[in-house]
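Report on one structure; see the data block that follows.
The values are calculated or read from the model by the stated rules, or taken from the named source; none is laboratory data. Computed from a predicted model, the values in this text were never measured in an experiment. Don't worry about glycine lacking a Cβ; one is built from the backbone with ideal geometry, like all the others, and counts go over all protein chains shown. Side chains included, ligands, DNA and RNA excluded: accessible areas come from the protein's heavy atoms. Shrake-Rupley method; radii C 1.70, N 1.55, O 1.52, S 1.80 Å.
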Amino acid sequence: MSAEFGAIERLLKSGKHVAQYGKVWAAIHEQTGLGTVMGRQLHFNRSEIDGLRRYARQLGGIDPQFGSLKGGRLAMAGKVANEKLTNDSVFGDLLVLATAGDAEVVVNGHATRTPPGAVLSVKPQALDGASLKGQRLVLVENGAIMPAWNEILLPTPWQNSVILYRGHRENVAEVQRIVADHPAHKLALYYDFDPEGIDLALRWGKGVILIPEDWRQVGQVEITEHQGISQRSVFRQQQARLTRTRGIVAGTMWESVLKVMEQNELAIMQEHLTQRRWPLTQLPSIDTGS
């Protein structure tokens, strides 16, 4: 139901009279009889657009031309009788972060730190952004390592840092805004040690990127001490990403990093680096033009 409301809402607010005829719009067409199928599109005349608006109002209890079912259940409870109509997950808009060393975050005016094994889940509007900009910030790719943030062997300059998960639901946009606004000299990016992870980190075009301290020997170390932690099949799936990234880092230190990665077919996930307490070092990012 919420998917159908959302599809109609987007169409009405776009001002268009044509929708792509996918699963959701097929269901709407079947239920209402509105629209004419033309190939892979569904075309509506003016009266049918009005009919879609009335149908969506019946579904959601609010006018899709001006209202929205976006927001959590509490926000939805203030709009309609059924708070479960929201498309958002219960915790999807919360920022997930932790504080290492002497770092702290200010939440609703209270300076806060996290003990080992704990993370904070914070509504974006409750976080003091100005205070955060004064802290070193480490952006982490994989949420699975967040509860073990104290096991990450951060380089000395970053041992007093706020550690922020990059998000995967409604929180992604807010995390992107925070990182984009954060001072470059106080930003570190910690991603998987594989072609995709390096590429994603470099796309920010700012800060430093955290990789294994012994990256030059990591292939030999992996073979002799940590047999099997490099997922070579994953590396081979990322050949296109490796080629792209290699093309934009020519003449920089990152060219050497990717060469080692390619020679040893390295794709080492953050979970392995953290669980084995692999020391990290920092390399400066570059402007990739992304």
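Among the conditions (1) in contact with a Ser or Thr (Cβ under 8 Å, 6 or more places away or on another chain); (2) modelled with pLDDT of 70 or more; (3) open to solvent by 30 Å² or more (accessible area, probe 1.4 Å), Met38 misses just one, which is (1).
If you take the residues of segment 134-161 that are farther than 17 Å from Ala118 by Cβ and of a type in the set (A, V, I, L, M), which of them is surrounded by the most Cβ atoms within 10 Å (Cβ to Cβ)? Per the criteria, the residue is Leu139. Filter segment 279-290 for residues that are modelled with pLDDT of 90 or more and assigned to a loop (DSSP other than H, G, I, E, B); which is nearest to the chain's Cα centre (by Cα)? Checking each candidate, the answer is Ser285. Might you check whether a residue that is without any contact (Cβ under 8 Å) to a residue 60 or more places away in the chain and within 18 Å of the chain's Cα centre (by Cα) occurs anywhere in segment 148-157? Within segment 148-157, one or more residues are without any contact (Cβ under 8 Å) to a residue 60 or more places away in the chain and within 18 Å of the chain's Cα centre (by Cα).
Please verify whether segment 89-101 includes one or more residues that are surrounded by fewer than 18 Cβ atoms within 10 Å (Cβ to Cβ) and modelled with pLDDT under 60.
Narrowing segment 89-101 to residues surrounded by fewer than 18 Cβ atoms within 10 Å (Cβ to Cβ): 89-92, 101.
Pick out the ones that are also modelled with pLDDT under 60 and you get 89-90.
Yes: segment 89-101 contains one or more residues that are surrounded by fewer than 18 Cβ atoms within 10 Å (Cβ to Cβ) and modelled with pLDDT under 60.
The residue of segment 125-177 that is nearest to Asp93 (Cα to Cα), among those that are hydroxyl-bearing (Ser, Thr, Tyr) and in a helix (DSSP H, G or I), is Ser131. A single entry from Gly167, Gly207 fulfils the requirement of being within 26 Å of Glu104 (Cα to Cα) and either open to solvent by 70 Å² or more (accessible area, probe 1.4 Å) or at pLDDT below 95 (or both): Gly167.
Look at (1) touching a Ser or Thr at 6+ places or on another chain (Cβ under 8 Å); (2) part of a helix (DSSP H, G or I); (3) surrounded by fewer than 22 Cβ atoms within 10 Å (Cβ to Cβ) and you find that Ala180 fails only one, number (1).
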